[in-house]
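These notes are about the structure you will find just below.
The values are calculated or read from the model by the stated rules, or taken from the named source; none is laboratory data. Source: prediction; values computed, not measured. Methodologically, a virtual Cβ is constructed for each residue, glycine included, from the backbone with ideal geometry; neighbour enumeration extends over all protein chains shown.
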There are 2 protein chains.
Amino acid sequence: MTGHLSVIGLGPGTSDQVTPEASRHLAAAEQLFGYGPYLDRLTLVASQRRVASDNREELGRADAALTAAAAGARVAIVSGGDPGVFAMAAAVCEAVEHGPEEWRTVDISIVPGITAMLAVAARIGAPLGHDFCAISLSDNLKPWETVLTRLRAAASAGFVIALYNPVSRARPWQLDAALDLLRAELPPETPIVFGRAAGRADERLAVIRLDEARGDMADMATCLIIGTAETRIVVRPGLPALVYAPRGASR
Amino acid sequence: MTGHLSVIGLGPGTSDQVTPEASRHLAAAEQLFGYGPYLDRLTLVASQRRVASDNREELGRADAALTAAAAGARVAIVSGGDPGVFAMAAAVCEAVEHGPEEWRTVDISIVPGITAMLAVAARIGAPLGHDFCAISLSDNLKPWETVLTRLRAAASAGFVIALYNPVSRARPWQLDAALDLLRAELPPETPIVFGRAAGRADERLAVIRLDEARGDMADMATCLIIGTAETRIVVRPGLPALVYAPRGASR
């Protein structure tokens, strides 16, 4: 007997940005796995079982959810943002590859969501308006040297850079190191958008020049969008400035 | 008198992936501007005015919409996918920067949507599971040499690459040129996902090895996701293979 596993993106945090597809998969689930604060966003019915785990226990969570689905349950794993962007979809695929043969027979649906960089960008204009990349600053799973190589390659080739997981308690120094590297590649006035909780009541948005940006301006829930030499700021009377990357940007 | 302009992402194509926020902005609009096929997805009421224009007339469309909003109308511009990813949000910001002063007083909302690479990735596993970039192959607005520089930088630094606008009638040769460049940087067996109309009735998905990929496998609505040397394919009995980029991928 085989159940079903849905890996669901909840978007940046308001129910207004949860797609109807995601809501349908949430309603059909008998067991819902996820990081506690993501599960806290949901209103469950009495028959739905909530299984919260720590943010860093991605593979364990994937294993538990696949075990339940392989035993016949309708299971959901929830992610903030999009499950395919530094979130649970890759952990589930990894678990299927290395797990017991019966996990390969579980029907899996990945349900996309609005990822943080799109939500932050929308609140400020169009800072991702030309070629861009997304880099996780976490070195839990890759060498720090790889992060630096990618930052340097992206900045020197003219990509806008969205930074996910910019800091954590265990690595408070990383964002400052990344900013130092970027200061060697980009003009001092390059705009950086610091965005947190986009669209939510506790939203925080700031646009800071690269030469004034500091690591302590971000926490683990902040998404940074680092502009290029071509990023523009449009000042507006009585309205927030628009920040955008011109469609035609070249080096 | 000033109206309001919403720049709305409709997602990849099914109403199931239009957020409640987008639906609310669509319902509130008196005039809806956009590329015809995007407007065709909507069910308008008699009082709503539909203003279709060609896909390449982005700035003209932004000007017309801003003119209407500055005159007091509630206006929407619709984009497929997300308006901030190779779509209308940057064109609107550009128009505001270079247009008449009163356009700077128009209240503008950008409403994010599920962009093509997230929708395609979700249908096949987690091919964007580690650091990735998004590149538009169109050279309407940037030199072709810039495209090649960015492709080379991204592939050599280990980014997954999502390619938007891979071909058009005016430039049928570009995708083959891009694939040739990538063949010099990546192993021949690197998986490439060709995704089109993700989630729709006419969806087409294929996973092709880099050494067998050809430009005529894509059209202008295809989004390609080019893996790295670390991208994995998980074969499953009776189910489509999963393609994913391990979270811990390093060079």
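The table for this structure:
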read-out: Candidates B:ALA198, B:ALA170, B:ALA184 - the one that is surrounded by fewer than 16 Cβ atoms within 10 Å (Cβ to Cβ) and either over 21 Å from B:THR228 (Cβ atoms) or of a type in the set (Phe, Trp, Tyr) (or both); value: B:ALA170
read-out: Residues of region A:20-51 that turn out to be among the aliphatic types (A, V, I, L, M) and surrounded by 15 or more Cβ atoms within 10 Å (Cβ to Cβ), as a count; value: 7
read-out: Entirely in region B:91-192, the helices (runs of 4 or more DSSP H) that have 1 or more residues that are farther than 19 Å from B:ARG56 by Cβ and touching a strand residue (DSSP E or B) at 6+ places or on another chain (Cβ under 6 Å); value: B:116-124, B:144-156
read-out: Test set (1) among the acidic types (Asp, Glu); (2) farther than 21 Å from B:GLY11 by Cβ; (3) under 24 Å from the mean Cα position of the chain (by Cα) - A:ASP107 fails condition number; value: (3)
read-out: Identity of the residue in region B:97-108, in contact (Cβ under 8 Å) with a residue 24 or more places away in the chain and within 8 Å of chain A (Cβ to nearest Cβ), that ends up surrounded by the most Cβ atoms within 10 Å (Cβ to Cβ); value: B:ILE108
read-out: Candidate set from region B:119-138 (those that are more than 7 Å from chain A (Cβ to nearest Cβ) and within 25 Å of B:ILE8 (Cα to Cα)); member that is surrounded by the most Cβ atoms within 10 Å (Cβ to Cβ); value: B:VAL120
read-out: Some residue of region B:221-237 being surrounded by fewer than 18 Cβ atoms within 10 Å (Cβ to Cβ), modelled with pLDDT under 95, out of contact with any helix residue (DSSP H, G or I) (no Cβ under 9 Å at 6 or more places or on another chain) and within 14 Å of chain A (Cβ to nearest Cβ); value: no
read-out: The lone exception for A:HIS130 - which of (1) at pLDDT 95 or above; (2) over 23 Å from A:VAL78 (Cβ atoms) it fails; value: (1)
read-out: Qualifying position, being under 19 Å from the mean Cα position of the chain (by Cα) and not assigned by TED's automatic domain parsing to the domain that holds B:ALA87, among B:ARG169, B:ARG183, B:ARG209, B:ARG152; value: B:ARG169
read-out: Out of A:ALA116, A:ALA76, sole residue that is surrounded by 24 or more Cβ atoms within 10 Å (Cβ to Cβ) and either within 11 Å of A:GLY11 (Cβ to Cβ) or facing chain B (nearest Cβ under 8 Å) (or both); value: A:ALA116
read-out: Residue within region A:38-56 that is of a type in the set (S, T, N, Q), within 29 Å of B:VAL111 (Cβ to Cβ), outside the structural domain of A:SER138 (by TED's automatic domain parsing) and out of contact with any His (no Cβ under 7 Å at 6 or more places or on another chain) present; value: yes
read-out: Of the criteria (1) under 22 Å from B:LEU10 (Cβ atoms); (2) buried (at least 24 other Cβ atoms within 10 Å of the Cβ); (3) out of contact with any helix residue (DSSP H, G or I) (no Cβ under 8 Å at 6 or more places or on another chain), which one A:ARG150 fails; value: (1)
read-out: Selection count where residues are more than 14 Å from every other protein chain (Cβ to nearest Cβ) and farther than 27 Å from A:LEU242 by Cβ, scope region A:168-202; value: 11
read-out: Positions within region A:38-62 being closer than 25 Å to A:GLU94 by Cβ and either free of Cβ contacts under 8 Å to residues at least 12 places away in the same chain or touching a strand residue (DSSP E or B) at 6+ places or on another chain (Cβ under 6 Å) (or both), in sequence order; value: A:TYR38, A:LEU39, A:ARG49, A:ARG50, A:VAL51, A:ASN55, A:GLU57, A:GLY60, A:ARG61
